[in-house]
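Chemist: Have a look at the structure that comes next, please.
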């Protein structure tokens, strides 16, 4: 009877003293095996849901901004950072930034940038730029959308940050993000003027700060300034303007 | 005083206020009631199942690899909880970030495994696990409610105190959104429990 | 069968000493703000009496005086009066946390805890310390602390080495920064004089030993200058510096006592 024999081996194993090294190895092996089987089964069973969540996470913010503005699906463009020209293929190299140019606290930045253009026929109506930069204690990730004149903000959203809850983290609130709508980015000379001020804002270049989050506000000001400037999307935006696309 | 393993850890031998265990996560996840609730549920799941599992095989755990076996079981349960949260409660799991994963190092879980499950049969171990987890949970929920209420005027995201910004009377206390406030609230809670039950206070320190 | 209410005579001296600074503050405010400030004082008084009664389970607390001391100090150091809800939250927390939880033998000044709570909870309201912007009133306030300070020193309520320490700390740290105001001006502007005389030098919160006291004062003085000149969020820095200083003084006292006993 093979069954009977197997049970006997199992019994004999369990009956061995706990100090026995064969039993120690056996218990360790069985516990590890049991745990890994259960964990693997859970992971396999939940994988479709997890993947869907992660995908939604990265795409969500862009979808949100496009939905909120009620515009058609944008076209993805690869842009060479220094020249502002379109590229057909992305390169993965990065350029180091001088500390005095590194407003967003990034240390280095990719040479190929991604931008999303929304067109109505041939006419450009919206440009969406992925932006990121140092806040008070985390890196802020978001999208900045510019209207056709490339000088008016259509929307600014953030989708990832780890600032202080109730203070800096309030940059995620729609109420605050809505303050950016229709603000102007640069003055007549082309200098970037838009910034977050402490307290109440006045004029078209200022956005109200959040109570107790001066440094997060400064971080947002700086990252917007950086990405619109010559080290960010500046050359690309200048080229679009020159083409009369705007 | 009750000796029931389910009732004893609720106040008399509460893991947080009496034994002062597991306070790191109590401080970190109590910024809102919803995160406290999810964290409590996760701990109840992990603690009760780890106690039962370890108690069931306790006679066959060699002393030399005792802790490794316990941690393996606890860690597996924690991974399962983490995966389930990421699959079904993605938004909340993002806010809980590493703290669900850190249940592995929560002293309450390993402490109950060592102190109780290794010495008792599965049924009392289950009760002990559930009791301790609830002892942890009610404190988390209390601190979470107070912090969310005072920091944002809301409970589970519903407005309770009308903010000055929205034309009401309530100015939110930003201090309550910061981690130290959980320490202060915990201190006040321990003080209240020990005022009512003076036998829990430590002996005067001999200097 | 009225229970006897003991009046804490030490606390009474504190209240007497705080009268002149309070009067000066109200005079500098002008009648409208002064009235609001006195309302705040009454609110704080009511809340501290309420918590004392609730926690000690008797209508009249065993000793009266600490509540008035607390309320007056809070009202004086408040930059400008704000709504009643923030005041009640901050002072309730300060009173319970610093006074009641230690069984009436506080290790930190309740008024300081209440002010710090307010400062960190409501950063954009009148709690923010903008004293530094009004140089001349602050100078009069510093002057108004003098008689009260002398009176308290005579009643042995103040540890004078702390005052010396603050001056030393300020004088030592100012040269490390680009030149702005003179070191002795730092002592006169902002809420530093009021804070140091009536909170930092309070003998209840300072460990014994002249060296410890000078060091504790120097820590506070140095921190005030650092916060004023280096931190944009803390224009005056007095409350934060006092908080950090008070947290470290017991440790400082222990350390020095340990060193002397092991020398």
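What follows draws every value from the coordinates through simple rules; no lab data is involved. Computed from a predicted model, the values in this text were never measured in an experiment. Glycine also receives a Cβ, built like all others from the backbone with ideal geometry; neighbour counts cover every protein chain displayed.
Chemist: If you restrict to DSSP beta bridges whose two residues both lie in the protein assembly as shown, what percentage is antiparallel, to the nearest 5?
Modeler: 85
Chemist: I would also like to ask the following. Counting pairs of Cα atoms in segment B:17-81, how many percent are more than 14 Å apart?
Modeler: Percent of Cα pairs beyond 14 Å in segment B:17-81: 66.
Chemist: So, one more: Fewest first, what order do C:262, C:69 take by the number of other Cβ atoms within 10 Å?
Modeler: C:262, C:69
Chemist: Quick one: Cα convex hull volume of chain A, Å³ per residue?
Modeler: It is 234 Å³ per residue.
Chemist: Kirkwood hydrodynamic radius for segment C:132-261: how many Å is it when counted over pairs of different Cα atoms?
Modeler: Hydrodynamic radius (Kirkwood, Cα pairs) of segment C:132-261 is 14.7 Å.
Chemist: By how many degrees, 0 to 90 and rounded to 10, does the Cα axis of helix A:214-228 deviate from the longest principal axis of chain A?
Modeler: Once rounded, one gets 70 degrees.
Chemist: Another question about this same structure. How large are Rg and Dmax for chain C when only the alpha carbon atoms are used, in Å?
Modeler: When restricted to the Cα atoms of chain C, Rg and Dmax are 18.0, 67 Å.
Chemist: Per the helix-only calculation at 222 nm, which mean residue ellipticity applies to chain B, given -39500 (n - 2.57) for every DSSP H run of n ≥ 4 and division by its residues, nearest 500 deg cm²/dmol?
Modeler: About -18500 deg cm²/dmol.
Chemist: Still on this structure, please answer the following. What's the center-to-center distance, using Cα atoms, between segment C:29-65 and segment A:187-232 in Å?
Modeler: So the two Cα centres are separated by 44 Å.
Chemist: Quick one: order A:35, B:107 by neighbouring beta-carbon count within 10 Å, fewest to most.
Modeler: B:107, A:35
Chemist: For C:189, C:7, C:199, what's the fewest-to-most ordering of other Cβ within 10 Å of each Cβ?
Modeler: With the sparsest Cβ surroundings first, the list reads C:7, C:189, C:199.
Chemist: Hey, what D do you get for segment C:1-108 in µm²/s if you plug the Kirkwood alpha-carbon radius into Stokes-Einstein at 10 °C and 1.306 mPa s?
Modeler: 110
Chemist: Can you give the FRET efficiency to the nearest 0.05 for residue A:173 and residue A:80, using r as the Cβ-Cβ distance and R₀ = 30 Å?
Modeler: 0.30
Chemist: So in chain A, what percent of DSSP beta bridges are antiparallel if you round to the nearest 5?
Modeler: If we restrict to bridges inside chain A, about 90 percent are antiparallel.
Chemist: What nm distance separates the two modelled labels at residue A:56 and residue C:102, each placed 7 Å from Cα along Cα→Cβ?
Modeler: A separation of 5.1 nm, rounded to one decimal place.
Chemist: P(r) for the protein assembly as shown: what percent of alpha-carbon pairs falls in each 20 Å bin, starting at zero?
Modeler: Spelled out per bin, shortest first, that is 14, 37, 34, 14, 1, 0.
Chemist: Would you kindly compute the Cα radius of gyration of chain B and its largest Cα-Cα separation (Dmax), both in Å?
Modeler: Over chain B's Cα set, Rg and Dmax evaluate to 18.5, 65 Å.
Chemist: Same structure, new question: Using Cα centres only, tell me the gap between segment B:27-65 and segment C:171-245 in whole Å.
Modeler: What the calculation gives is 48 Å, centre to centre.
Chemist: Let me ask something else about it. How well do other chains shield peptide B:82-92, expressed as the mean number of their Cβ atoms within 10 Å of each residue Cβ?
Modeler: The mean count of partner-chain Cβ atoms within 10 Å per residue comes to 4.
Chemist: Measure nothing fancy, just the Cα-based angle from helix B:180-196's long axis to the longest principal axis of chain B, in degrees from 0 to 90, nearest 10.
Modeler: 70
Chemist: Over chain C, calculate the relative contact order: mean separation of alpha carbon pairs under 8 Å at least 6 apart, over the residue count, as a percent.
Modeler: Across chain C, relative contact order equals 19 percent.
Chemist: Under a plain spin-label model, where a point goes 7 Å from the Cα along Cα-to-Cβ, how far apart in nm are residue C:88 and residue C:184?
Modeler: That separation, rounded to one decimal, is 4.8 nm.
Chemist: Indicate, rounded to the nearest 5 percent, the antiparallel portion of the DSSP beta bridges found entirely in segment A:119-222.
Modeler: 85
Chemist: Taking only DSSP H segments of four or more residues, each worth -39500 (n - 2.57), what value at 222 nm results for chain C once the sum is divided by all its residues, to the nearest 500 deg cm²/dmol?
Modeler: Here the helix-only value at 222 nm equals -21500 deg cm²/dmol.
Chemist: Taking Cα centroids, how far is segment A:6-58 from segment C:68-126 in Å?
Modeler: For segment A:6-58 versus segment C:68-126, the Cα centre distance is 56 Å.
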